[in-house]
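Derivation of every value follows stated rules applied to the coordinates shown; laboratory data play no part. If you're wondering where the values come from, they're calculated on a predicted model, not measured in any experiment. Glycine gets a Cβ as well: all are built from the backbone with ideal geometry, and neighbour counts include every protein chain shown.
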Amino acid sequence: MGIGGFGEVLPYEDNRMTLDYDKLDGWGLPTVTFDADLQENEFAMRKDMQESAVEMLEKAGFRDVKGHDGPTGLGLGIHEMGTARMGRDRKTSVLNGNNQLHDVPNVYVTDGAFMTSAACVNPSLTYMAFTARAADHAVKELKKGNI
């Protein structure tokens with residue numbers, strides 16, 4: 001039997017995604033480079049999850065329970081997010097509060113990229129809510145002739 005856990009990766013300032021204009025894809029567009037790592041908090045959380053799982057199983061009557069912590073890294077889990085941070089300042093964020101690119105107002109980003117964090121729960125309903133709000137904003141801006 002196996003049991004696993006997921007935990008939140010904190011939004012560290014030094015974790016980032018950049019575009020590499022020197023390495024282009026098959027369509028001539030810049031490729032994405034991720035420079036991000038799990039840090040002390042995530043490794044401590046993994047250790048705690050493992051110890052808690054072993055304890056729960058043993059208290060439930062399981063015998064010969066052995067914990068295991070295998071190789072891991074960013075991108076091997078689900079709901080990775082945060083590469084197009086939402087914020088008020090274009091120097092520290094990619095999107096404004098309406099999910100629009102600061103520098104290209106007719107582009108809205110409503111997937112997980114705008115969220116710096118989502119704990120360890122499924123964020124799909126949040127994506128849908130922000131998408132509905134962004135679509136409403138886009139329609140209003142389009143009717144005003146702003147985009």
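Here are some notes:
- With respect to the chain, whose longest principal axis is taken over its alpha-carbon atoms, helix 40-59 is tilted by about 40°.
- Counting only residues at least eight positions apart within a chain, or on another chain, the aspartates and glutamates with an alpha carbon under 20 Å from that of LYS144 are ASP103, ASP136.
- Angle of helix 124-144 to the longest C-alpha principal axis of the chain, folded into 0 to 90 degrees and rounded to 10: 0°.
- Gain upon complete extension [PHE6, ARG46; 0.36 nm per residue less C-alpha separation]: 13.6 nm
- Expressed in Å, the radius of gyration and Dmax of the Cα atoms of the range 1-83 are 18.0, 59.
- Computed as a quarter of the hull surface, the mean projected area of the alpha carbon convex hull for the chain stands at 12.2 nm².
- Among 109-117, 11-19, the peptide with the highest mean count of other Cβ atoms within 10 Å heads the list, and the full ranking is 109-117, 11-19.
- Local electrostatic count at LYS66 - Lys and Arg +1, Asp and Glu -1, tallied over other residues with Cβ under 15 Å: -3
- Percentage relative contact order, the range 1-77, counting C-alpha pairs under 8 Å, at least six apart: 28
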